[in-house]
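Written out below as structure tokens is the structure these notes cover.
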Amino acid sequence: MKSSTKEALGAYAFLLPNLAGFLMFTSIPVAFSLILAFTRWDLISGPPVFVGFDNFLRMIHDPRFWKYCGNTVYLMAAIPISMAGSLILALAMNQKLRGVVVFRTVYFLPTISAGVAIYMLWRLVYATEFGYANLLIAKLGNLLNIPLRGPNWLNDERWAKPALIIMSVWQQVGGYNMILYLAALQGVPRELYEAADIDGANGWHKFWAVTWPIISPTTFFIGVMSIIGGFQAGFDPAYIMTSGGPNGSTTTIIYEIYNEAFVYQHMGYACAMAWMLFMVIFLFTLVKWKLFHRFVYY
Amino acid sequence: MEIISPIRLLLIHVNAEAAVGLVSPVASVSDKRKELRSGSETLREAKRRAILISRMQKLLAYLLLAGGAITMVLPFMWMVTTSLSKPGSFSMWSVKARWWEGWLPLSFEWKNYVEACKVVPLAKFYLNSLLVTVATTVGQVATSAMAGYAFARLHFWGREKLFFAYLATMMIPGAVTMIPVFILLRHLGWIDTYKALILPGMFTAYGTFMLRQFFLTLPRDLEDAAKIDGCSLFGIFIRIILPLSKPALATLTTFTFMGSWMNFMWPLVVTTSEEKFVLTVGLAYFQSLYSTNWTLLMAGSVMMTAPIILLFVFNQRFFVEGIKLSGIKG
């Protein structure tokens with residue numbers, strides 16, 4: 001047997017387990033999902049019925065769909081806030097302080113433990129009567145001698161989304177983004193700061209004239225990735241803390257896909273919605289590819 | 001001679017100190033002496049100011065970091081405090097309480113933990129989570145490493161096209177595949193089985209991609225030498241590639257483990273009976289039964305969170321490296 005044939009056979013053997021799983025759980029389902037998006041199917045009453053673009057038209061004309069899209073985008077307010085926080089923390093940690101490792105560990109805890117348990121904890125934090133958030137607020141009021149009363153966080157349509165945003169800022173601020181920023185800051189050439197010093201720049205100037213442009217690729221990368229993630233986010237916390245309520249005010253796109261597919265058994269409609277989501281994400285991926293080089297200043 | 005700006009000298013700390021040593025020599029009685037001395041005084045002053053500023057900056061950084069750290073830890077303290085409180089009186093930190101109360105547990109009701117394990121089969125959920133997580137992780141790392149090796153090193157027909165297909169699917173959100181995979185598993189009669197919990201998470205394009213990228217950075221010399229010595233492809237993979245790739249394998253293992261342990265939506269979709277619930281779904285189920293029994297709920301939360309925190313504290317290195325790896329790649 002020729003050695004190249006032997007190598008190819010070996011390669012297929014190495015590839016086989018992963019490829020089989022990839023075909024079964026990724027590529028074939030993707031194709032299947034695209035077909036389903038043009039059908040109506042409840043899994044029970046017979047085979048899927050081809051309906052053309054009906055699912056997509058129904059979606060566009062459904063005000064609830066747009067409301068859930070709005071919720072998803074609203075909740076992304078956490079992205080710029082937590083990014084700014086991450087950058088400030090990274091700048092502080094970049095001061096060659098002793099004990100940075102301890103701080104880094106502590107700041108990473110909320111990210112690492114994110115999950116059902118932590119969302120339950122935050123449900124307690126936001127509880128109206130004896131939640132810690134409202135106790136803090138009342139305590140502060142006592143201190144200032146004004147009667148302060150915290151809102152009915154998770155049961156109030158106006159406050160449920162801000163509550164989730166505060167929680168996700170807490171969760172993300174010291175996590176992945178801070179570590180990426182810290183790595184970026186450590187890569188800024190020292191000579192540039194020295195040159196800026198000769199020109200008599202103060203810390204503020206140095207940040208905007210040197211640091212910010214140099215780390216802009218990181219900012220761009222984190223921003224785009226967070227937006228892509230943001231479109232797919234919101235199921236776990238909302239399911240545990242608000243069940244998507246009150247009045248659908250914390251239901252995000254992914255939550256709606258879950259509801260349509262696994263609560264109402266609208267498989268075709270849910271697939272159509274998933275493909276809409278894909279198109280939005282794809283758009284942002286294209287933006288990432290096209291624009292990345294523009295944010296590199298050096 | 002042009003005098004170098006004292007500030008310029010200060011910038012590089014070591015240089016500045018050397019400069020001070022140079023510029024303050026034993027006095028001579030010339031005109032230049034005055035110049036030199038005043039130069040050295042401004043230098044000293046500038047140096048002192050620079051040190052002061054740097055100290056102030058550090059102090060500010062410390063204050064900021066400490067304040068932030070308290071905010072990060074506080075909710076965890078509430079979780080532990082609540083889990084150890086007497087049922088019904090967990091909110092010790094009422095408006096009337098003194099400021100030091102309620103931050104640390106005032107009582108240690110360990111029986112909350114026992115109770116939490118009794119009202120729902122938390123131990124069973126735990127074992128399920130462990131089984132699913134370990135199987136998913138081992139499976140994913142093994143299949144990804146094998147496929148990554150084939151993509152990185154071996155030549156075969158269709159390699160580039162296939163790799164492109166892998167890359168392309170990485171953009172597709174999980175929501176797209178979730179529904180057809182559910183339908184497939186339902187068709188196979190696998191709903192509410194361990195297979196449904198484990199298998200779909202075992203094969204990812206991401207793991208293959210990440211390990212391929214790492215394998216490409218390994219030097220080929222060792223492999224060539226092994227080939228000449230008659231080592232088989234599998235032998236090269238096991239004896240050379242894998243040992244050299246420990247950091248990347250550890251990173252993938254850590255991330256897969258975490259992701260699988262925390263996974264909520266998929267287990268929620270494919271399990272229906274208590275015996276198959278993993279910890280995340282089990283806790284949500286627990287909450288649906290006892291939605292305001294905070295002491296027990298928090299005891300459950302502590303039990304879910306603690307192993308992850310321990311794992312993280314002892315494996316930090318891999319997290320940090322892994323994050324940097326993923327960040328640079330994009």
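The values are calculated or read from the model by the stated rules, or taken from the named source; none is laboratory data. Source: prediction; values computed, not measured. Virtual Cβ from ideal backbone geometry, glycine too; neighbours counted across all protein chains shown.
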- Task: Go over the candidates A:135, A:154, A:143 one by one and state the one that is more than 23 Å from the chain's Cα centre (by Cα) and either closer than 25 Å to residue B:312 by Cα or crowded, with 16+ Cβ neighbours inside 10 Å (or both).
- Result: A:135
- Item | Flag if residue A:119 is over 30 Å from residue B:57 (Cβ atoms), more than 11 Å from chain B (Cβ to nearest Cβ) and modelled with pLDDT of 90 or more | no
- Count of residues meeting criterion [without any contact (Cβ under 8 Å) to a residue 60 or more places away in the chain and more than 9 Å from every other protein chain (Cβ to nearest Cβ)] in segment B:141-167: 6
- What pairs can you find where one residue is in segment A:202-226 and more than 14 Å from residue A:188 (Cα to Cα), the other is polar (S, T, N, Q) and buried (at least 18 other Cβ atoms within 10 Å of the Cβ), and their Cβ atoms are less than 7 Å apart, with a gap of 6+ or different chains? A:222/A:177
- Query: Scanning for something more than 30 Å from residue B:286 (Cβ to Cβ), more than 11 Å from chain A (Cβ to nearest Cβ), surrounded by fewer than 23 Cβ atoms within 10 Å (Cβ to Cβ) and among the charged types (D, E, K, R), does segment B:117-135 turn up at least one residue?
  - Reply: no
- Count of residues meeting criterion [within 30 Å of residue B:291 (Cβ to Cβ) and at the interface with chain A (Cβ under 8 Å from one of its Cβ atoms)] in segment B:60-73: 3
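So that you can scan it fast, the table gives a plain yes or no per residue for (1) over 20 Å from the mean Cα position of the chain (by Cα); (2) within 9 Å of chain B (Cβ to nearest Cβ); (3) polar (S, T, N, Q):
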site	(1), (2), (3)
A:66	no, no, no
A:73	no, no, no
A:78	no, no, no
A:81	no, no, no
A:84	no, no, no
A:93	yes, yes, no
A:101	yes, yes, no
A:105	yes, yes, yes
A:108	no, yes, no
- Message: Tell me yes or no: at least one residue of segment B:303-315 is more than 9 Å from chain A (Cβ to nearest Cβ), buried (at least 24 other Cβ atoms within 10 Å of the Cβ) and not β-branched (Val, Ile, Thr).
- Response: no
- Subset of segment A:218-263 (residues that are in contact with a helix residue (DSSP H, G or I) (Cβ under 8 Å, 6 or more places away or on another chain), small (Gly, Ala, Ser) and not in a helix (DSSP H, G or I)): A:233, A:234, A:244, A:245, A:248, A:249
- Item | Considering residues of segment A:166-207 that are of a type in the set (A, V, I, L, M, F, W, C) and not in a helix (DSSP H, G or I) only, the residue nearest to the other protein chains (Cβ to nearest Cβ) | A:173
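Listed here are the residues, each with its yes/no results for (1) acidic (Asp, Glu); (2) at pLDDT 90 or above; (3) touching a Phe, Trp or Tyr at 6+ places or on another chain (Cβ under 9 Å).
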residue	(1), (2), (3)
A:65	no, yes, no
A:72	no, yes, yes
A:102	no, no, no
A:129	yes, no, no
A:147	no, no, no
- Exactly one condition in (1) modelled with pLDDT of 85 or more; (2) over 24 Å from residue A:244 (Cα atoms); (3) charged (D, E, K, R) is not met by residue A:156; state its number. (2)
- From A:160, A:184, A:117, grab the single residue that is touching a Ser or Thr at 6+ places or on another chain (Cβ under 8 Å) and under 20 Å from residue A:230 (Cα atoms). A:160
- In segment A:34-64, anything among the aliphatic types (A, V, I, L, M) and under 16 Å from residue A:262 (Cα atoms) is listed as A:36, A:37, A:43, A:44
- Task: Take residue A:277 and decide whether it is more than 10 Å from chain B (Cβ to nearest Cβ), under 26 Å from residue A:36 (Cα atoms) and either in a helix (DSSP H, G or I) or aromatic (Phe, Trp, Tyr) (or both).
- Result: no
- Message: Given the options A:34, A:75, A:43, name the one that is in contact (Cβ under 8 Å) with a residue 12 or more places away in the chain, under 30 Å from residue A:172 (Cβ atoms), in contact with a helix residue (DSSP H, G or I) (Cβ under 7 Å, 6 or more places away or on another chain) and not acidic (Asp, Glu).
- Response: A:75
- Does residue A:264 count as at pLDDT below 90 and surrounded by fewer than 22 Cβ atoms within 10 Å (Cβ to Cβ)? no
- Message: List pairs: first residue in segment B:207-224 and not assigned by TED's automatic domain parsing to the domain that holds residue B:256, second residue surrounded by fewer than 19 Cβ atoms within 10 Å (Cβ to Cβ) and assigned to a loop (DSSP other than H, G, I, E, B) anywhere in the structure, Cβ distance under 6 angstrom, at least six positions apart or on different chains.
- Response: none
- Task: Output the residues belonging to segment B:229-274 that are surrounded by fewer than 20 Cβ atoms within 10 Å (Cβ to Cβ), within 13 Å of chain A (Cβ to nearest Cβ) and within 14 Å of the chain's Cα centre (by Cα).
- Result: B:259
- Go through segment A:1-104 and tell me which helices (runs of 4 or more DSSP H), entirely inside it, have 3 or more residues that are loosely packed, with under 14 Cβ neighbours inside 10 Å. A:3-22, A:63-75
- Task: Could you check, for segment A:145-161, whether at least one of its residues is within 22 Å of residue A:249 (Cβ to Cβ), touching a Pro at 6+ places or on another chain (Cβ under 8 Å) and among the basic types (Lys, Arg)?
- Result: yes
